[in-house]
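**Q** One structure, as C-alpha cells, below. Some questions next.
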Amino acid sequence: MAVFRVDDREHSHVGLIVARGQMLHAWRGTKSCLERFDSRLWRPRLTAVMRHAAPVRLIGSATPFAGRRV
C-alpha cells in the first residue's frame, strides 16, 4: 500500500501496489486506474509504503488480470 499527501493533509490518499512501480487507485471521483507511483505527480507526495507481513491465504482460483500488461 502506498500512502500519499494530497491537499496538504499527511495521509489523504491510498494506492494499492499491484506491480513494480504500479498502483491501483481512484482519483477524485474518477474510475479506478493504474498509474506509476514514482511519476512526477505522485513521487513528491509519497509519505509511506506499507505491506502486510502475515501470510495471505487465497480462496478459490486466481484468474489473470485481463487489462493492460504492466
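The values are calculated or read from the model by the stated rules, or taken from the named source; none is laboratory data. Predicted model only: the values in this text are computed from it and were never measured. When we count neighbours, we look across all protein chains shown, and the Cβ atoms used for this are built from the backbone with ideal geometry, even at glycine. Remember, those area values only see protein heavy atoms, side chains included, never the ligands or the DNA or RNA. Shrake-Rupley method; radii C 1.70, N 1.55, O 1.52, S 1.80 Å.
**Q** Restricting attention to region 28-44, and to residues there that are closer than 17 Å to residue 10 by Cα and within 13 Å of the chain's Cα centre (by Cα), which single residue is most open to solvent (accessible area, probe 1.4 Å)?
**A** Result: 43.
**Q** Residue 50 versus (1) open to solvent by 60 Å² or more (accessible area, probe 1.4 Å); (2) free of Cβ contacts under 8 Å to residues at least 24 places away in the same chain: which is the lone unmet condition?
**A** All conditions pass for residue 50, except number (2).
**Q** Considering only residues that are open to solvent by 60 Å² or more (accessible area, probe 1.4 Å) and hydrophobic (A, V, I, L, M, F, W, C), look in region 9-27 and name the one that is modelled with the lowest pLDDT.
**A** Per the stated criteria, the residue is 27.
**Q** May I ask you to verify whether residue 68 is of a type in the set (Lys, Arg), modelled with pLDDT under 90 and over 21 Å from residue 7 (Cβ atoms)?
**A** yes
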